[in-house]
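Taking it in order: structure first as structure tokens, then the write-up.
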Amino acid sequence: MIKARDFSYNTGRLRHLTIRQLRALAALSARGSVTAASEQLGLTQPAVTQQLHQLQGLAGLPLVQRTGDGMLLTAAGREVLALAGRIEAAIMDCQGALDLLAGRTGGVVSIGAVSTAKYFVPHAIAAFSKRYPKIEIKLTIGNREEIRAAMHGYDLDFAVMGRPPADISVDVRQLGKNPHIIVARKGHWLEKDRGLNLTDLVHETFLTREQGSGTRILMEGLFQKSDLEPTIGMEMSSNETIKQAVMAGLGIAFISAHTVANELVDGRLIMLDVAGLPIVRQWYVIRRSDKVLLPPAQAMFDFMGSEGSNYLPEVPLTQ
């Protein structure tokens with residue numbers, strides 16, 4: 001059991017903390033015990049315990065507590081852990097800057113994008129890479145909740161998504177419009193109807209994205225405003241699967257028009273004429289306000305903000 005030696009708070013003490021102490025706390029938080037933390041760090045248990053004792057003494061507050069679920073961080077411990085994350089990110093940024101100055105690399109940019117954005121983000125990356133061929137781009141695709149969670153850390157330089165997360169301080173660049181429509185298979189019985197209302201669709205089966213998806217959240221909000229509830233047939237984590245299922249006649253879908261641009265053009269899908277649609281949201285390029293971007297990442301961030309809209313798919317929004 002780790003006990004606080006002195007609970008009097010002295011801000012000057014934290015100036016003497018070490019990276020090893022912070023990494024010991026991070027490992028304890030991740031693994032839940034000193035034994036597991038020592039295995040992760042490749043240190044002995046006494047060595048890890050000593051690092052934690054020293055860090056807690058510097059903090060002047062208890063950082064961990066023993067529970068039935070293992071060793072958990074206190075509020076003070078979580079605050080120090082957040083500091084550890086920022087310091088680790090700063091070390092990585094410094095290493096990247098040194099590699100750039102030494103000519104060992106053109107730099108690495110880590111981008112996150114919600115899955116709906118995968119229909120245009122790779123094209124923007126390709127254009128940027130032609131200008132800066134030495135810069136390595138790492139792209140992570142996930143749903144809104146996954147990318148929002150990734151933004152809580154410092155691994156991503158920036159992300160492309162719709163609504164910015166409300167629980168993180170971010171810098172935002174507007175990228176372009178993101179229209180959402182309802183699509184059906186070619187030959188659907190409502191294909192030629194005009195001015196449909198949501199009430200005309202309550203008996204239709206909707207094929208939807210999973211909970212946590214921005215598209216799903218937007219669809220549910222649309223129906224809630226009309227005090228209606230859509231009939232959900234299947235939940236799918238892939239826009240591609242939804243498109244194939246709609247074309248197979250399994251239902252209709254509320255979806256970003258950017259994901260079905262090609263299918264609308266070649267007639268494999270049709271857009272239902274529903275009053276109030278399309279709902280137009282915005283695409284944004286977002287980075288944490290406290291994330292320092294190295295020159296390659298800043299160049300990519302600026303490029304996406306100024307030229308990213310050029311790579312949005314052209315969508316036929318009239319029948």
Restricting attention to the range 142-162, does a residue exist that is in contact (Cβ under 8 Å) with a residue 24 or more places away in the chain, basic (Lys, Arg) and not assigned by TED's automatic domain parsing to the domain that holds Thr49? yes
Out of Arg163, Arg144, which single residue is crowded, with 18+ Cβ neighbours inside 10 Å and of a type in the set (D, E, K, R)? Arg144
If we scan the range 206-221, do we find a residue that is surrounded by 15 or more Cβ atoms within 10 Å (Cβ to Cβ) and either under 16 Å from His188 (Cβ atoms) or assigned by TED's automatic domain parsing to the domain that holds Val114 (or both)? yes
Please identify the pairs in which a residue from the range 56-69 that is over 12 Å from Ala24 (Cβ atoms) has its Cβ atom under 7 Å from the Cβ atom of a residue that is surrounded by fewer than 21 Cβ atoms within 10 Å (Cβ to Cβ) and of a type in the set (D, E, K, R), counting only partners at least 6 apart or on another chain. Gly57/Arg5; Gly57/Asp6; Leu58/Arg13; Gly60/Asp6; Gly60/Arg13
Taking the range 227-238 as the search range and keeping residues that are out of contact with any Phe, Trp or Tyr (no Cβ under 8 Å at 6 or more places or on another chain) and not in a strand (DSSP E or B), which one is surrounded by the fewest Cβ atoms within 10 Å (Cβ to Cβ)? Asp227
Looking at the structure I just gave you, is Val172 in the same structural domain as Arg288 (by TED's automatic domain parsing) and either at pLDDT below 95 or out of contact with any helix residue (DSSP H, G or I) (no Cβ under 8 Å at 6 or more places or on another chain) (or both)? yes
For the range 35-57, how many residues are in contact with a Ser or Thr (Cβ under 9 Å, 6 or more places away or on another chain) and either in a helix (DSSP H, G or I) or surrounded by 16 or more Cβ atoms within 10 Å (Cβ to Cβ) (or both)? 10
The strands (runs of 3 or more DSSP E) lying entirely within the range 250-319 that contain at least 1 residues which are touching a Gly at 6+ places or on another chain (Cβ under 7 Å) and farther than 28 Å from Glu204 by Cβ are 279-288
For Asp93, the lone unmet condition from (1) modelled with pLDDT under 90; (2) surrounded by fewer than 16 Cβ atoms within 10 Å (Cβ to Cβ) is (2)
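The values are calculated or read from the model by the stated rules, or taken from the named source; none is laboratory data. Just so it is clear, the model here is predicted, and its values are computed rather than measured. Note: ideal-geometry Cβ built from the backbone for every residue, glycine included; neighbour counts use all protein chains shown.
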